[in-house]
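A short worksheet on the structure shown next.
The values are calculated or read from the model by the stated rules, or taken from the named source; none is laboratory data. Owing to the predicted nature of the structure, the values given are computational and were not obtained by experimental measurement. Don't worry about glycine lacking a Cβ; one is built from the backbone with ideal geometry, like all the others, and counts go over all protein chains shown.
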């Protein structure tokens with residue numbers, strides 16, 4: 001296999017995506033401890049993940065057109081700054097409502113990673129190299145939520161649940177500094193800038209895209225339900241410790257390596 005060019009940029013992009021994936025699941029083993037510390041019922045902690053997922057998905061509708069207009073680099077740095085504000089808010093949260101707010105801000109920031117994971121490889125590669133880069137990115141997307149609950153469980157046992165958000169803040173800070181120092185602008189100078197609403201009107205009129213997105217929504221909705229309920233049921237209802245919860249949580253994930261997945265999102269990205 002031919003060696004990929006721009007490997008340092010691809011590594012930075014994989015770590016960027018990992019931040020968003022880890023932010024979604026790192027605190028799952030600590031949900032029972034969080035509910036006890038905040039004096040709320042275990043089930044209400046699902047609001048934290050729901051807030052994250054809603055802003056994570058919604059913000060991508062903005063980051064895509066914005067990156068075409070002003071460039072990839074400034075949009076990434078803005079997104080990471082927003083994420084750090086959210087991590088600090090969650091870290092210092094005195095109540096569930098503030099924690100939900102912090103999680104929503106985190107999702108708003110890391111939405112940029114979801115966009116750049118599909119946009120920047122197309123800036124840098126084509127053909128076989130693009131497929132290879134997307135494969136490596138997908139591996140990062142799969143591995144990071146596999147590691148995050150284990151890291152979260154260890155941090156919770158050693159330092160308490162606040163350490164999960166401290167870890168995310170530190171990781172994001174390191175990624176932001178690295179990208180501010182070494183990430184060049186990759187937006188093609190000849191890239192067409194399509195008006196915001198015209199862009200999505202064209203997408204929604206494409207039947208292949210609509211069918212794909214319906215399948216993707218259904219699949220990800222099932223995953224979201226599992227992630228949101230796993231920590232509550234295993235930790236809060238069954239009373240398992242955080243490390244056991246993390247191990248049980250990640251058991252289904254390796255199946256993603258062994259079965260065929262849905263078509264890669266990059267196959268429809270060219271419509272945007």
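Things worth noting here:
- Just one residue in the set 110, 156 is under 19 Å from residue 25 (Cα atoms), crowded, with 23+ Cβ neighbours inside 10 Å and either more than 19 Å from the chain's Cα centre (by Cα) or without any contact (Cβ under 8 Å) to a residue 60 or more places away in the chain (or both); that residue is 156.
- The set of residues from segment 58-92 being part of a loop (DSSP other than H, G, I, E, B) and either under 22 Å from residue 12 (Cα atoms) or touching a residue at least 12 places away in the same chain (Cβ under 8 Å) (or both) comprises just one member, 71.
- Test for residue 11: is it modelled with pLDDT of 85 or more, crowded, with 19+ Cβ neighbours inside 10 Å and assigned to a helix (DSSP H, G or I): no
- Considering each residue of segment 22-43 in turn, none proves to be under 15 Å from the mean Cα position of the chain (by Cα) and surrounded by fewer than 21 Cβ atoms within 10 Å (Cβ to Cβ).
- Any chance residue 47 is modelled with pLDDT under 85, surrounded by fewer than 24 Cβ atoms within 10 Å (Cβ to Cβ) and farther than 18 Å from residue 153 by Cα: no
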